[in-house]
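Read the structure below first, then the notes.
The values are calculated or read from the model by the stated rules, or taken from the named source; none is laboratory data. Remember, it's a predicted structure, so these values are computed and weren't measured experimentally. In this analysis, Cβ positions are derived from the backbone assuming ideal geometry, glycine residues included, and neighbour counts consider all displayed protein chains. Accessible surface is based on the protein model in full, side chains and every heavy atom, while ligands, DNA and RNA are left aside. Shrake-Rupley method; radii C 1.70, N 1.55, O 1.52, S 1.80 Å.
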Amino acid sequence: MKNNILIMAVSFFCFIFNAYPKITLPTILDDNMVLQQKANIKLWGDARPDSKIEIKPSWTDKTYSVLCHSDGKWERLIPTPEAGGPYEIHLSDGEKLILKNILIGEVWFCSGQSNMEMPMRGFDRQPVENTNNVIAKAKPSTPIRMYTTDSENGRWVRQFNKRPQTDCKGKWLNNSPENVANISAPAYFFAQYIQEVLSVPVGIIVSSWGGSKVEAWMSKEALEPFKEIDLSHLLNDKEIKNPTSTPAALYNAKVAPLTNFVIKGFLWYQGESNRDNADLYKRLVPAFVADLRKKWNVGDFPFYFVQIAPFNYEGPDGTSSAKLQEVQLQHMKEIPNSGMVTTLDIGHPFFIHPVDKKTVGERLAYWALGNTYHLKGFGYKPIIYKSMEISTGKIYIDFDNAQRGICPMWTQLKGFEIAGEDRIFYPAKAEIETKTARLAVSSEKVTAPVAVRYAYKNYAEASIFGIDGIPVAPFRTDNW
């Protein structure tokens, strides 16, 4: 009888002991991950309450320890060395857990709507230009790793929530053809370019959703100052029917779980879904960026974004996207440590998803290489409107970021309009004068011009560039 009681007591103790979780980690902390080099990265997860966890990274002789809290949560900062690998991380609370095949390098977060989401293989009936060759040649030995919350084995994974989550569905993938085929095209081309230039491992974290508004990617705290945005849905139990336009729904599920993971910078390709209210978007995005930086708590990390490309929308001569592009240009001026990629030369009147995603990824890489990694000798900033001067029936335009001028010379430039005091715009003659090397705009129909517009329409084609091949950003000199 005593033996039976003893056996029952031991069994009950073992049951209670095993009822507590072993060390468990969020999906972002897993085999094949890339950790930011030369940083204090954070490891975190769940374990038995009040247990002691020992952490032994293979890149150092040191062992780090942390006590798990009574609620089963723990976290520990670990310093990382210069880029390299592969490494392992051994964790133990009496039972061992090993993270394998870890690289240390540069980590970038990539988010937005469908033009960021668009995979290398393209959408159905919507290709991405010249990617089949890149996909076929992808090798797992190339030190590019990809974590995605968007899809699994090529099938979409849709995640949203009313409350900030601590984990999400996602997985680190190596650089194999089947994985590259299903990853964001602009994000991958960015990673491929900076990996080749910097010769270090690169990790991209992809979290995007087509058709999404910026409000869906913002936290409740970031949105609260905007009284015109209704947040009551966060306080009730009603079903979210349209996650892509529901404030905070995507942030809670696809950003909040990842903010402990140290990143180098943030890439953003979004805006098409906010054309209906560019004035609100103008105020939302700076708050969005400020909140992201606060949540990650690693300083004012780089925020590089893509200006939306030309598309017909409500008609080619409409201006809804032109107003949004104008707001995005203002963001680059106002948001610290930010940069904008112009896409005026890759749009299409009938396809909202430009097929040339390589140009987008590479222009984002130019920003990172020039502004973040401080390489020199190449262009990365778009030329933007600075000021104008009226003289002898012409308007002369001056630009910022145009130290070596604009081009092409000796040709008529398309996409310009000019207006007088009546505010009626007419197609204009525009050229870079040989004598002055300045852009001159005029029209026989406007003898006393007061304003110029360039590509200020939903759909327009680029005609002026910097000598580095980056198109001049659309602009207008008026505020009518």
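A compact table of results
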| read-out | value |
| --- | --- |
| MRE, 222 nm, helices only [DSSP H, n ≥ 4, -39500 (n - 2.57), over the chain, to nearest 500] | -6000 deg cm²/dmol |
| The stretch 71-202, relative contact order [Cα under 8 Å, separation at least 6], % | 28 percent |
| Euclidean distance of C-alpha centroids, the stretch 429-457 and the stretch 231-245, integer Å | 50 Å |
| Rounded percent of accessible protein surface that carbon and sulfur make up, the stretch 360-480, 1.4 Å probe | 49 percent |
| Anisotropy class of the stretch 417-477 from Cα gyration tensor, a/c 1.5 cut | oblate |
| Antiparallel DSSP beta bridges within the chain, percent to nearest 5 | 65 percent |
| Accessible area (Å², per residue) of the stretch 91-208, counting only protein heavy atoms and a probe of 1.4 Å | 42 Å² |
| Cα-Cα over 23 Å, subset of K294/K323; K22/K295; K323/K381 | K294/K323; K22/K295 |
| Spatial separation of Cα centroids for the stretch 24-99 and the stretch 149-164, in angstrom | 25 Å |
| Accessible surface of the stretch 144-187, 1.4 Å probe, proportion on carbon and sulfur as whole % | 44 percent |
| Bins of 10 Å, starting at 0 and running to the largest distance - Cα pair percent for the stretch 101-181 | 14, 45, 33, 8, 0 |
| Shape of the stretch 309-406, Cα gyration tensor, a/c cut at 1.5 | oblate |
| The stretch 25-110 - Rg (one decimal) and Dmax (whole number), Cα, Å | 12.7, 37 |
| Rounded percent of accessible protein surface that carbon and sulfur make up, the stretch 271-347, 1.4 Å probe | 45 percent |
| FRET efficiency, 1/(1 + (r/R0)^6) with R0 51 Å, evaluated for T27 and A448 via beta carbons | 0.20 |
| 25 °C / 0.890 mPa s Stokes-Einstein diffusion coefficient of the stretch 321-372, Kirkwood radius on C-alpha pairs, µm²/s | 199 µm²/s |
| Accessible heavy-atom area order of C68, C407, highest first, probe of 1.4 Å | C407, C68 |
| Protection proxy ranking of 80-86, 317-323 - average other beta-carbon atoms within 10 Å, highest first | 317-323, 80-86 |
| Cβ crowding within 10 Å averaged over residues, with 193-202, 160-169 ranked highest first | 193-202, 160-169 |
| At 0.692 mPa s and 37 °C, Stokes D of the stretch 181-331 from Kirkwood alpha-carbon radius, µm² per second | 195 µm²/s |
| Length-normalised contact order for the stretch 134-204 - Cα pairs under 8 Å, 6+ apart - percent | 45 percent |
| Residue-normalised accessible area of the stretch 23-82, given per residue in Å² at a 1.4 Å probe | 48 Å² |
| Flagged links, alpha-carbon separation over 18 Å, of K42/K220; K333/K386; K213/K254; K213/K238; K42/K139 | K42/K220; K213/K238; K42/K139 |
| Highest to lowest packing among 258-270, 433-445, 349-361, scored as the average C-beta count within 10 Å | 258-270, 349-361, 433-445 |
| Helix 357-367 axis, angle to the chain major axis (alpha carbon atoms, nearest 10°) | 90 degrees |
| Compactness of the chain as Cα Rg over 2.2 N^0.38 Å, two decimals | 1.13 |
| Degrees between helix 320-334 axis and first principal axis of the chain (Cα, 0 to 90, nearest 10) | 70 degrees |
| Rh by Kirkwood over Cα pairs, then Stokes-Einstein D for the stretch 352-416 at 1.002 mPa s and 20 °C, µm²/s | 145 µm²/s |
| Å² per residue, accessible surface of the stretch 353-480 at 1.4 Å | 49 Å² |
